[in-house]
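For reference, the structure discussed in these notes is given below.
Read-outs: derived from the displayed coordinates by stated rules, not from any lab. What you see is a predicted model; the values in this text were computed from it and never measured. So basically every Cβ, Gly included, is an ideal-geometry build from the backbone, and we count neighbours across all protein chains shown.
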Amino acid sequence: MPDLEKKSAAASPNAVPTAADEKFKAKIGGCWLGKAIGGTLGTPHEGKPGPLELTFYDPMPDGMLPNDDLDLQIVWLEHLLGGRFRQVTPEILAEAWEKFVQFPWDEYGIARRNRALGLRGERQGSHDNFFGECMGAAIRSELWACIAPGDPNRAAGFAWADAVVDHAGEGVWAEVFHAVVQSAAFTNNGMEELLAVGLSMIPADSRVARAIRDTVRWWRQEHDWRRVRSRIIFAHGRANFTDVAANLAFEVLGWLAGDGDFARSICIAVNCGRDTDCTGATLGALLGILDPNGIPERWSAPIGERIVLSPGIVGLMPPASLTALTEATLQLSAQLAGAFPAIPPVAPIRPTGPEGPFFCEMAQGHSFTPEFTLRNPQSRPIHGHWLQFAPAEFEADWLLLELSFDWAGSGNIRLLAYADVEIYTWVDESPAVHFTEDDLRADPFLAPSFHRAGKAACMLTGLGRGRHRLNLAIARTKEGRAVNLVFGLGDPVTNQWLAEPFGFQKKAADGRR
């Protein structure tokens with residue numbers, strides 16, 4: 001584990017930039033401008049597998065495109081300034097999330113569900129979170145670098161407090177890495193030195209660290225970004241296009257292959273595909289810190305100065321312009337001058353086991369009949385919506401499960417039943433979700449999130465009030481690997497998780513159920 005408890009020599013109030021410090025102010029302005037340009041370039045291509053062939057905006061924007069990469073940092077900024085907070089904690093940021101953020105996407109939606117269940121602090125991001133190692137936190141690092149310029153330890157501590165709101169494991173380390181490199185970039189322009197300090201502050205055996213080290217080595221061998229990209233995908237790619245390891249490697253590849261040229265660098269990162277708005281925005285921000293004057297007017301003119309927030313941000317008035325955002329960042333830097341956060345242990349990402357704070361009952365049967373009937377079912381407690389079944393649990397070709405849920409509302413609800421194998425589901429003996437591994441391969445967007453569940457979700461219509469039964473049949477894998485299952489009910493209008501229908505109960509203080 002890296003030593004992040006120490007405070008750097010620069011971590012003193014005298015090191016905090018002020019509006020009179022034109023060097024730092026220009027770098028902060030370059031950061032936000034580069035962020036907006038890279039995000040606007042990449043947003044129309046998010047999720048495309050690549051490689052792409054972009055050399056400029058396509059389509060040409062008429063102003064800055066809204067992007068959660070910037071949205072969420074503005075939420076933190078306005079909440080911290082408005083509340084006159086002198087420190088940054090997961091709970092302070094989670095309060096802002098609950099108040100201003102309505103995004104249902106992936107880890108964002110799970111964080112809202114966990115908060116609705118009463119979880120606080122780092123448990124809000126680590127509990128039952130299938131998406132804990134995705135890009136949603138890594139894209140929020142710039143604010144912490146800008147309020148702790150040249151002080152990577154402080155930036156890392158702020159980044160931890162941010163990331164654990166909705167992430168765990170590699171998702172936290174990805175934001176820490178970004179914040180550290182970006183903070184150090186205020187006082188150091190050397191690429192090798194910046195990568196070294198970033199890697200020194202995350203675990204050497206983390207997937208993010210391995211992907212970055214591999215990318216540097218492969219670039220030295222190949223000097224062809226397309227070939228290096230292919231090696232990154234083969235070694236570090238995951239089915240979910242927002243996974244952090246490959247996307248951070250694409251950022252580093254763009255930085256290496258761009259050779260200091262802003263436009264070439266962000267185009268290469270975006271042309272690698274996958275989470276393109278995030279890779280373009282994050283690399284653009286770093287390059288803007290390193291050389292604010294290196295951003296060509298050809299790239300800045302189409303987006304202008306006006307900040308536009310996504311519709312999922314509510315009840316908040318953003319700074320009117322990038323210039324105003326820079327001034328507000330300097331104000332927050334001075335306000336937080338006395339804050340020196342450290343990094344507690346980072347929870348790994350995994351399905352929640354018996355140590356989890358909740359449980360409900362599930363019937364499990366190991367015998368299969370053509371009618372998919374549970375034979376000799378056994379009841380067992382489960383501790384979340386993400387379950388993992390070892391090969392030994394499949395005593396036949398199918399694993400049969402049964403759960404009950406209560407529905408007290410009216411109107412339609414959505415059922416999500418995602419597995420990384422073939423799966424059948426029934427609600428009250430009526431067929432519901434069915435999809436196969438071929439469906440998974442055919443739809444790269446498909447994931448256990450209500451906004452992109454595809455064939456893994458269906459609408460339940462005319463469901464009466466009261467208790468209902470959900471049955472699932474999950475296929476055994478030919479490879480003999482563990483099988484993941486994510487299930488839940490959601491609002492068909494907002495795509496938010498419904499937290500309570502399966503009756504998860506809090507365990508007693510002594511851990512007994």
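Figures for the structure shown
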quantity	calculated
Residue among F103, T373, A239 farthest towards the positive dipole end of the chain, charges placed on Cβ	T373
Vicinal HN-Hα couplings computed from phi for the stretch 430-443 (Karplus, 6.51 cos²θ - 1.76 cosθ + 1.60; Hz; Gly/Pro x)	9, x, 10, 8, 8, 8, 10, 5, 5, 5, 4, 5, 6, 10
Distance in nm between pseudo-label sites at A392 and D491 (7 Å out along the Cβ direction from Cα)	4.3 nm
Options V208, T326, L80, ranked by Cα towards positive dipole end of the stretch 28-335, top entry (Cβ charges)	V208
Sum of -39500 (n - 2.57) over DSSP H runs of 4+, divided by residues of the chain (222 nm, nearest 500)	-12000 deg cm²/dmol
Residue-span extension gain [A482 to T461] - 0.36 nm each, minus C-alpha spacing	4.3 nm
Distance between the stretch 135-195 and the stretch 54-117 - C-alpha centres, whole angstrom	16 Å
Span from the the stretch 366-427 Cα centroid across to the the stretch 446-505 one, whole angstrom	10 Å
Residue-count net charge about G125 - beta-carbon cut-off 9 Å; Lys, Arg +1, Asp, Glu -1	-2
Crossing angle, helix 244-258 versus the chain [Cα axis fit, 0-90 degrees, rounded to tens]	30 degrees
Under 5 Å, built H, 5+ apart or other chain: amide partners of D243	none
Listed residue (L401, G454, H468) projecting farthest to the positive dipole end of the stretch 390-513, Cβ model	H468
Per-residue ³J(HN,Hα) for the stretch 413-428, Karplus 6.51 cos²θ - 1.76 cosθ + 1.60, θ = phi - 60°, Hz, x for Gly and Pro	9, 10, 9, 10, 9, 10, 9, 8, 9, 5, 9, 10, 9, 9, 10, 6
Neighbourhood net charge (11 Å Cβ-Cβ; Lys/Arg +1, Asp/Glu -1) for A155	-3
Karplus 3J(HN,Hα) series, Hz, for the stretch 176-187 with 6.51 cos²θ - 1.76 cosθ + 1.60 (x for Gly, Pro)	4, 4, 4, 4, 5, 4, 5, 5, 5, 5, 5, 10
Cα-centred dipole magnitude for the stretch 358-506, charges only on beta-carbon of K, R (+1) and D, E (-1), debye, nearest 20	300 debye
Pairwise label distance in nanometres, S310 with R298, each label 7 Å out on the Cα-Cβ vector	3.0 nm
Helix 106-116 axis, angle to the chain major axis (alpha carbon atoms, nearest 10°)	70 degrees
Partners for K506 among aspartates and glutamates (Cα-Cα distance below 13 Å; same-chain residues under 8 apart left out)	E355, E361
Cα-centre dipole for the stretch 28-335 with unit charges at Cβ (Lys and Arg positive, Asp and Glu negative), debye to 20	380 debye
Neighbourhood net charge (9 Å Cβ-Cβ; Lys/Arg +1, Asp/Glu -1) for S449	-1
Cα-based helix-to-principal-axis angle, 68-82 vs the chain, degrees rounded to 10	70 degrees
Mean Cα-pair separation over length for the stretch 118-261, i.e. relative contact order, pairs under 8 Å, 6 or more apart, %	22 percent
When each of K35/K99; K48/K99; K455/K507 is checked by Cα-Cα distance, pairs over 29 Å	K48/K99; K455/K507
